[in-house]
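Heads up, the thing below is written out as structure tokens.
The values are calculated or read from the model by the stated rules, or taken from the named source; none is laboratory data. Because the structure is predicted, anything quoted here is derived from the model rather than measured. In this analysis, Cβ positions are derived from the backbone assuming ideal geometry, glycine residues included, and neighbour counts consider all displayed protein chains.
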Amino acid sequence: MRFIADFHVHSKYSRATSKDMDVENLSRWAEIKGINLVGTGDFTHPNYFAELKLRLVRAEEGLYRLKKGNSATRFILTTEVSHIFSQKGKSHRIHTIIFAPDLGTASKINSKLSKMGNLSADGRPILGQPVKELVKLVLDISEKCFLVPAHAWTPWFSLFGANSGFDSIEECFEEEGKNIYCIETGLSSDPPMNWRLSALDKIALISNSDAHSPRKIGREANVFDCDLNYSTIIHALKTKDPTKLLYTIEFFPEEGKYHYDGHRDCKIIFSPDESKKHNNICPRCKKKLTIGVCHRVDTLADRPVNYKPDNPIGNKYLIPLEEVIADALEQNVGTQAVDEQYHKLIARGKNEFNILLDVPIEELKLFAPQKIAEGIRCVREGRINIVPGYDGVFGKISIFRKLEDESNAKTVGYESNSHTEKIQESRTSYQVSPVQPIQMQMF
């Protein structure tokens with residue numbers, strides 16, 4: 001069975017999340033997007049966990065569905081935990097996703113974690129213990145549990161983060177590293193970037209939305225072809241089985257808000273090479289630059305750019321349908337015109353992923369305005385323009401318009417790149433159009 005899964009989301013009990021982040025709205029938007037399986041998120045929060053027990057019933061092994069109605073959406077129990085701790089004299093901040101096989105196991109995890117931190121304070125609780133202790137605790141409760149380092153390259157709060165992470169899985173998890181089979185690449189990195197590290201050859205790479213509002217689910221996701229149940233899915237991830245985990249759905253990583261280096265306050269965007277020329281110091285304020293994912297990958301990589309392993313699990317790059325529509329209509333996402341056109345297309349095209357991935361362009365032109373259909377074609381072919389994201393600022397992306405950095409930021413050394421992917425035995429590539437550097441005063 002082919003299905004799309006987004007494992008990492010949050011609930012309304014997490015900071016900076018929509019009040020609509022509950023299982024009913026997640027189910028509704030999963031159907032709009034074309035997502036078959038979605039993580040619950042935040043099962044450690046007492047109030048949300050009570051809602052999960054009240055509103056969900058068992059479906060397939062290890063999966064749940066809404067108790068009311070006939071929604072086809074399935075849920076898998078997941079939560080994210082934040083670790084802030086010292087190890088060998090250095091401070092670290094790591095986020096980890098926990099998968100649980102059933103509500104009973106999740107309840108036992110919550111009981112243990114409640115003695116280590118305040119689970120009511122946030123949907124993503126903060127613990128002060130080394131992350132390896134969480135792995136041991138959870139797997140002692142049930143060997144069916146599964147743990148995944150979240151957004152593994154983000155400068156803050158991640159396994160490989162430039163500011164608070166480690167240089168390897170083994171350094172971070174020590175003796176528990178043998179139980180880490182998978183990492184989440186995050187919005188600012190993609191599989192080809194991770195292929196540059198031979199240490200990750202046996203590690204499955206997954207992509208999820210980390211959504212804080214229902215409309216954002218599926219901005220990254222995973223496509224499987226296997227039985228829809230907990231054990232089969234976890235086994236596919238543990239074994240990195242390319243016949244079961246077919247490919248990931250990716251942001252163009254340049255759109256992620258930590259792809260390039262920079263300093264937001266001074267509106268400086270640097271490529272890794274340009275940062276090195278400046279000794280990683282902001283030329284305006286003389287403070288340290290925030291080192292982005294691209295730079296961090298360069299630092300740890302033992303393979304060249306564009307390295308491709310044999311028979312990799314593939315990836316496809318998409319721009320959310322609302323953003324394609326907004327670009328075609330020269331409107332902003334969230335306006336009435338964009339929203340109306342979005343729902344018209346969903347009504348004709350079944351769901352968002354079907355429109356973005358599967359409907360032939362000529363068929364799409366039968367029910368979509370020509371410019372929108374052409375925009376989707378451009379995205380599929382990678383013919384887009386991007387100003388890279390940096391220091392917490394999302395990248396600017398456009399299909400039809402030549403981008404100028406509205407913040408007058410300095411973009412330096414940003415050249416076209418290409419990533420090769422293998423998707424269902426077909427070979428495609430994307431090339432990101434170069435952005436002209438913004439002229440600024442001399443420093």
| Does any residue of region 204-213 turn out to be in contact (Cβ under 8 Å) with a residue 12 or more places away in the chain and more than 17 Å from the chain's Cα centre (by Cα)? | no
| Residues satisfying the stated conditions in region 32-59, i.e. more than 17 Å from G123 (Cβ to Cβ) and crowded, with 17+ Cβ neighbours inside 10 Å | I32, K33, G34, I35, N36, L37
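Do we find a residue being assigned by TED's automatic domain parsing to the domain that holds A221 and closer than 30 Å to A301 by Cα anywhere in region 58-75? Reasoning before the result, please.
Let us first name the residues in region 58-75 that are assigned by TED's automatic domain parsing to the domain that holds A221, namely 58-75.
Pick out the ones that are also closer than 30 Å to A301 by Cα and you get none.
There is no residue in region 58-75 that is assigned by TED's automatic domain parsing to the domain that holds A221 and closer than 30 Å to A301 by Cα.
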| task | Working only within region 226-274, note down all residues that are closer than 18 Å to L37 by Cα, under 17 Å from the mean Cα position of the chain (by Cα) and not in a helix (DSSP H, G or I). | result | L245, L246, Y247, T248, I249, E250
| said: Residue under question is G392, and the condition is that it be on the phi > 0 side of the Ramachandran plot, surrounded by fewer than 21 Cβ atoms within 10 Å (Cβ to Cβ) and at pLDDT 95 or above; does it hold? | reply: yes
| said: All but one of (1) crowded, with 17+ Cβ neighbours inside 10 Å; (2) at pLDDT 95 or above hold for Y307; state the number of the condition that does not hold. | reply: (1)
| field | Residue within region 113-127 that is out of contact with any helix residue (DSSP H, G or I) (no Cβ under 7 Å at 6 or more places or on another chain), closer than 21 Å to F75 by Cβ and crowded, with 22+ Cβ neighbours inside 10 Å present | value | yes
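Might you check whether a residue that is among the hydrophobic types (A, V, I, L, M, F, W, C), touching a Gly at 6+ places or on another chain (Cβ under 7 Å) and surrounded by 23 or more Cβ atoms within 10 Å (Cβ to Cβ) occurs anywhere in region 199-211? Write out each step before concluding.
Going through region 199-211, the residues among the hydrophobic types (A, V, I, L, M, F, W, C) turn out to be 199-200, 203-206, 211.
Pick out the ones that are also touching a Gly at 6+ places or on another chain (Cβ under 7 Å) and you get none.
No, that holds for no residue.
Yes or no, residue by residue, for (1) out of contact with any Phe, Trp or Tyr (no Cβ under 8 Å at 6 or more places or on another chain); (2) part of a helix (DSSP H, G or I); (3) farther than 30 Å from R348 by Cβ:
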site	(1), (2), (3)
A16	yes, no, yes
E31	yes, yes, no
T44	yes, no, yes
F49	no, yes, yes
T79	no, no, yes
H95	no, no, yes
T105	yes, yes, yes
| Every residue from region 128-147 that is crowded, with 24+ Cβ neighbours inside 10 Å and in contact with a His (Cβ under 9 Å, 6 or more places away or on another chain) | V131
| query | Just one of the numbered conditions (1) closer than 22 Å to I183 by Cα; (2) assigned to a helix (DSSP H, G or I) is not true of F99; which one? | reply | (2)
| Got at least one residue in region 287-310 being polar (S, T, N, Q), more than 21 Å from L187 (Cα to Cα), touching a strand residue (DSSP E or B) at 6+ places or on another chain (Cβ under 8 Å) and part of a loop (DSSP other than H, G, I, E, B)? | no
| note | Checked E176, E171 against criteria (assigned to a helix (DSSP H, G or I) and within 22 Å of I234 (Cα to Cα)); the one match is E176
| message | Just to be sure I understand, how many residues within region 91-144 are without any contact (Cβ under 8 Å) to a residue 12 or more places away in the chain, farther than 29 Å from S168 by Cβ and not polar (S, T, N, Q)? | response | 3
